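Okay, structure first, notes after.
The values are calculated or read from the model by the stated rules, or taken from the named source; none is laboratory data. This one's a predicted model, so the numbers in the text were calculated from it and none came from an experiment. All Cβ positions, even for glycine, are placed from backbone atoms using ideal geometry, and neighbour counts span all protein chains on display. Keep in mind that these areas ignore ligands, DNA and RNA; they rest on the heavy atoms of the full protein, side chains included. Shrake-Rupley method; radii C 1.70, N 1.55, O 1.52, S 1.80 Å.
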Amino acid sequence: MKMDRVVFDRNDLKMRAFTLVSGDNYVVLDKGKLGDEVEIAVSDDLGNVSSIAFRVIRNVLLGQRQHWVYGAVISGDGLYRQIEIKLYDDHALDSVEVFPQAPPIIEKLR
């Protein structure tokens, strides 16, 4: 089953929140390395399931209970959008937020 991608356009200039759909998303996010293009399944507040594609710009474990992934959303309107995915041991607390024109997070390669 092919999902539609979330469509962002120049009229959508505020933060949007989504819920991460359980399943393969966790494997994709665990393996996402700096610069990788990945795609995750999310649902909106109406329960519509779609996907968001992004390039990983930061993927960090914060202690043993938190895993945060940041990315640059791939969209066709030329605007920079940052995605922030916060994962916790208790997946009910997980969040996915997209911020239009947020300043990029720069992580140096070591």
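Scanning region 17-37 for residues that are more than 20 Å from Leu79 (Cβ to Cβ) and aliphatic (A, V, I, L, M), which turns out least open to solvent (accessible area, probe 1.4 Å)? Spell out how you get there, then give the answer.
Filtering region 17-37 for residues more than 20 Å from Leu79 (Cβ to Cβ) gives 19-36.
Pick out the ones that are also aliphatic (A, V, I, L, M) and you get 20-21, 27-29, 34.
Numbers: Leu20: 20, Val21: 43, Val27: 79, Val28: 49, Leu29: 3, Leu34: 72 Å².
Checked region 17-37; the qualifying residue least open to solvent (accessible area, probe 1.4 Å) is Leu29.
Does Val60 satisfy being modelled with pLDDT under 90, over 20 Å from Met15 (Cβ atoms) and not in a helix (DSSP H, G or I)?
Numbers: modelled with pLDDT under 90: yes; over 20 Å from Met15 (Cβ atoms): yes; not in a helix (DSSP H, G or I): yes.
Answer is yes for this residue.
For region 17-56, which positions are in contact (Cβ under 8 Å) with a residue 40 or more places away in the chain, assigned to a strand (DSSP E or B) and either farther than 19 Å from Pro100 by Cβ or over 11 Å from the mean Cα position of the chain (by Cα) (or both)? Before the answer, list the steps.
Start the filter on region 17-56 by keeping residues that are in contact (Cβ under 8 Å) with a residue 40 or more places away in the chain, which leaves 17-20, 22, 26, 29, 34, 40, 42, 49-53.
Among the residues that remain, those that are also assigned to a strand (DSSP E or B) are: 17-20, 40, 42, 49-53.
Hits for region 17-56 are Thr19, Leu20, Val49, Ser50.
Residue under question is Ser75, and the condition is that it be on the phi < 0 side of the Ramachandran plot, in a strand (DSSP E or B) and surrounded by 15 or more Cβ atoms within 10 Å (Cβ to Cβ); does it hold? It would help to see each step written out before you state the result.
On the way: on the phi < 0 side of the Ramachandran plot: yes; in a strand (DSSP E or B): no; surrounded by 15 or more Cβ atoms within 10 Å (Cβ to Cβ): yes.
No: the conditions fail for Ser75.
Mind counting the residues in region 2-16 that are part of a loop (DSSP other than H, G, I, E, B) and either of a type in the set (A, V, I, L, M, F, W, C) or surrounded by 13 or more Cβ atoms within 10 Å (Cβ to Cβ) (or both)? Please lay out each step first, then the result.
To start, the set of residues in region 2-16 that are part of a loop (DSSP other than H, G, I, E, B) comprises 2-4, 6-15.
Those left that are additionally either of a type in the set (A, V, I, L, M, F, W, C) or surrounded by 13 or more Cβ atoms within 10 Å (Cβ to Cβ) (or both): 3, 6-8, 12-13, 15.
Residues meeting the conditions: 7.
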